[in-house]
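Contents: one structure, followed by commentary.
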Amino acid sequence: MNKSKRPFTKSKRSFRRRLPPIQSGDRIDYRNMSLISRFISEQGKTLSRRVNRVTLKQQRLITIAIKQARILSLLPFLNNQKQFER
């Protein structure tokens, strides 16, 4: 048998690595609203670590920053505004 012609070969496709959502220079604190708002859903909930693709330490810092921003009224606790598209 000739092994050079295999019917089931894996296709070699290029894989582009996703950029990390938090760069090394970014500070995770309650004042950095542009960074914090990326980790909150439409309803105002904190997104999970798997969705965010961040480390456990980063997720803890994000959660603390979101809580501090909510207490200082920089972020809403809930976003219950219904959006109708017509």
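The values are calculated or read from the model by the stated rules, or taken from the named source; none is laboratory data. Computed from a predicted structure; not experimentally measured. Note that each Cβ is placed from the backbone with ideal geometry, even for glycine, and that neighbours are counted across all protein chains shown. Heavy atoms of the whole protein, side chains included, go into the accessibility calculation; ligands, DNA and RNA do not. Shrake-Rupley method; radii C 1.70, N 1.55, O 1.52, S 1.80 Å.
Out of R38, R53, I need the residue that is at pLDDT 90 or above, on the phi > 0 side of the Ramachandran plot and touching a Pro at 6+ places or on another chain (Cβ under 9 Å). Which one? Full working, then the answer.
Values: R38 fails: on the phi > 0 side of the Ramachandran plot.
So the residue among R38, R53 that is at pLDDT 90 or above, on the phi > 0 side of the Ramachandran plot and touching a Pro at 6+ places or on another chain (Cβ under 9 Å) is R53.
Filtered by the rule that a residue be surrounded by 12 or more Cβ atoms within 10 Å (Cβ to Cβ) and of a type in the set (A, V, I, L, M, F, W, C), segment 35-60 gives L35, I36, F39, I40, L47, V54. For segment 24-34, the tally of residues that are open to solvent by 90 Å² or more (accessible area, probe 1.4 Å) and either at pLDDT below 90 or outside any loop (DSSP other than H, G, I, E, B) (or both) stands at 2. Considering only residues in segment 61-86 that are in a loop (DSSP other than H, G, I, E, B) and open to solvent by less than 70 Å² (accessible area, probe 1.4 Å), the one that is farthest from S24 (Cα to Cα) turns out to be N79.
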